Structures are given as structure tokens and as C-alpha cells.
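A quick write-up on the structure given underneath.
Only the coordinates and a few stated rules stand behind these numbers; no lab work does. A quick note: this is a predicted structure, and the numbers were derived from the prediction, not measured. Cβ placement follows ideal geometry from the backbone for every residue including glycine, while neighbour counts extend to all protein chains displayed.
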Amino acid sequence: MASRYYFCVNVRTKGWSINEIFKPYRLSDPQLQKQKMVNSESPEARAASMPSRGVTPNPTAAAINTRPTFIKCNETSIPEGENAGTFVTKVEAYDPDQGPAGKVRYEIIRSQSAEKQFNVNSYTGEITTAKVFDRDEPKREKLLYVTVKAVDEGFPALDVLCTFSVTITDKNDNAPIFDKNDYRETIPQDSKVNQTVMRVAATDIDEGENARITYSLRANRDESDLDYFQIDPQSGFIKLVKAIEAEKVDYQFELVAAARDGGTPSNETTAQVNIKVVSSNRRAPEFTEVPDHIIDIEESFNDFGRPIVTLRAVSNIEKPVVYFSLVNGQTEDTNKEETFRLVERANGTMDIFLARKLDYETVSNYQLNIRVQNDFDVSAETIVRLRVLDSNDEIPSFIDIESGSVLENSAVQTFVLRIRAIDKRWNISE
Ligand SMILES: [Ca+2]
Ligand SMILES: [Ca+2]
Ligand SMILES: [Ca+2]
Ligand SMILES: [Ca+2]
């Protein structure tokens, strides 16, 4: 009978090892489960449910079993994109007891709602991935926390928790993306050598070298087209390096811009760059008023009828009318989702309005390409940069560890519980 063994503990705390007393029990034993429940109740409830043989339970009895302690539970890192089942680390807890009371099993603690990210071998403590991680946008799985419980098979069973971090390191699994599918520009025939013609821009969502972009130019049709232009490898600015001959009016330079990242191996993306030569009197329009700084905008801003920024331009030709347009790019930060809209006013003026709610956690910086065109179909472009300011709308939430995982009552054991708060602003998740 289980109850008899229970009282053996109370009267024989000295000279008996817990191993000898509890040998007949197994963790699956329903009687043991019942005893465990009794143990975790209040002392009164425990006394009431105790089989009475005239012996008062000794509260130090549970101290016979020693709580396991983690001796290996260290932060580690794994690359993103690895298959589920990839080895992460091995945790190890030490338990000095003999027999079941010294036998340690491992399990991972996570809130019921949390996605399963890791598995642990309950016997060896070996931790493996349960899914494929993606460090980059939009998932941003960069730093994860794993909480492991080591529990012995003593009676009552004693456990200990340990939390360690797993850094997901970057792989060069993304190519740069240009902010436009292709670039079209016009250039007056008498443009000055060393004048900036245009700029191409690409972004790469990887990290460090894997995201460092180097630009280059190639000829798409005629190698001699390359003689006229030079691209800055870092900034993507293209300048004129050779005077354009008078007979080249209406000629179109057909170039290809390449953006290559610094990863090993590296990834490259290309975009068409067509530059059309127009006669000297066909001047390009010009922006006369553009913000010279980054515009800060509160994440909570939601006045869709209030202009955020105003730009002005002149046609530079006899007919003063100009036409503005917002050139949306291929990424959210270049207005792919039409987060911003442009409204033209009279007299070469335009405003930018917010068109969709902002979310700092999704996109924190925008780069808007604005084009102005005159009646000669000649255009100029400028960039407006906006920065979203965090309104701190993510309320930190505590991870709810299910009550069954909390340590059993024990007067003689000390235990420190680490409570972890999660706040998405810091890209931390379980
Ligand atoms: Ca133990
Ligand atoms: Ca990735
Ligand atoms: Ca990556
Ligand atoms: Ca890359």
C-alpha cells in the first residue's frame, strides 16, 4: 500500500535512503500521482487527506530527495534556415540521489499558446529544432529563449528550471532588391560632365556583409554606352563622365545596374537603366522645395487628411505645368503597399498624405520616390525619407507557465524563479 510507505518516510527519516523506500513506485503509478497532488496542497488539506495511524507527518521528510541542479545550460547559436531536427545544444542536470530519486528527465516548458520551436530528448537533454527559423524580415526570429525543466523520479518528484538563449545567425539567403523594376531617365544633350544623372538603390534584408551592397553598371546593347556613365559602387549615384555629342539627341543609352551583396557566395540582382538624350532646350523639371531631413512620424498618427510633407517643383520650360507621381517600389518601405499617397495641387505643389495605418514593428523607415515631369515628358526624381517613431503599443506579456510545472512545496529547498517578460520591440520570443 502506498500509504504505508508514506508513513515509513515519516518515522524513518534517519538511516533509510529514499531509494529503498520508494523503489516500488513508478512515476506513472496513479497512487503516486495522488500523493503528489496531496503534497502540493496546503498543510491542512494534506493532513485531512492523510491516512491516520497516529503518526504526525514530518515536514522534513521530503528533504531526503535532493533537487537536481543544472550543470550545463548555456546560451548558443544556430544558423537560420536549417531543417527541423537540427542539433542545438545539450543541457545537463546533476542529481546526487540514488535510484529513481536521482534519475533526471527533461522537458521543455512553453506557454500553451506558443509555437513549438524546440524538442528535448527527455533522457539525454539533447535539444533539437522543431521548425525552420528565419532570421530575416518579416519573421525576424533573431533571439529565442528555451526553458527546460529537469525533474527527478523521487517522491515527491523535485524539479528545477533553466532558461538559455538561442541566437539565430544570418545566412545570405536573400538577394538585394532594387527600389524599382527598371529605371528610366532623360538627360539634356548639353549636360555637364560630372553631373549626377540619377540614382539607383537596392536593399538587402540580410545582415552585415550579407546585406552590404556594391553597385556596378553594364552595357545592355552597346559597350560604348558605358563610356558615358559611372556609378558610385557604394551610393548608386550615376554621373555623366563624357560629353554627349550633338548627334546623340533622341539616342537611348541602355544599361544594366547590378547590385551584389557581400555574402559568400554572394547574390546579385539587376535592373534595366535606360537614359534617353533629349535636345538641350528640353530642360528637365526641377524640385525647388524638398525636405532636407528625415521626417519623423508618430506610429499612432492617423490623420489621413493632413499633409505630412509638401514638395514644390518648376517645369524649367515655357509651359509651367508639372506632373507629380509617387513611384512605388517592390518593398514595403518603398511604398509597395501604398501606405502613403500623393495629391497634386496647383502651381507646382504636391502633398503626401498617410493612406494606411503605420506599424513600427513592421516597417520603421520609408523611402518615397517622387517623380516630377514637364510637358516635354522630361522628368526628375527626388527621395523623401520618413521615420516611424515607436508608440510603444506592445504591452509586455508574461509567459504563462502552466501551473502543473511549478515546483512542489518544499520547506528546505531554495528556488529562484526567473520571470521573463516579452516585448516584441526587442525581437525576443520564446
Ligand atoms: Ca533527486
Ligand atoms: Ca531568411
Ligand atoms: Ca538571411
Ligand atoms: Ca543578401
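Averaging the Cα positions of each part gives two centres, and for region 369-386 and region 80-112 these lie 60 Å apart. A straight chain from VAL132 to ARG306 at 0.36 nm per residue would run longer than the Cα-Cα distance by 58.3 nm. The simple Förster model, with R0 at 56 Å and r as the Cβ-Cβ distance, assigns THR124 and ALA219 a FRET efficiency of 0.40. By the count of other C-beta atoms within 10 Å, a proxy for reagent exposure, ARG135, ARG218 are ordered fewest to most as ARG218, ARG135.
Once the Cβ-Cβ distance between THR349 and SER235 is put in as r, and R0 is 25 Å, what FRET efficiency do you end up with, to the nearest 0.05? It comes to 0.30. Take ASP377 and GLN98, extend 7 Å from each Cα along the Cα→Cβ direction, and tell me the distance between the two endpoints in nm. If labels sit at ASP377 and GLN98, their model points lie 9.6 nm apart. As a proxy for reagent exposure, ASP179, ASP303, ASP97 were ordered by neighbouring Cβ count within 10 angstrom, fewest first; the result is ASP303, ASP97, ASP179.
Tally Lys/Arg at +1 and Asp/Glu at -1 over every other residue whose Cβ is under 12 Å from the Cβ of VAL290; what's the total? Here the count lands on -2.
For region 129-146, the residues whose amide N sits under 16 Å from a probe point set 7 Å from the Cα of THR163 along the beta carbon direction are 143-146.
Computed FRET efficiency, Cβ-Cβ of LEU226 and ASN181, R0 25 Å: what is it to the nearest 0.05? Approximately 0.70, to the nearest 0.05.
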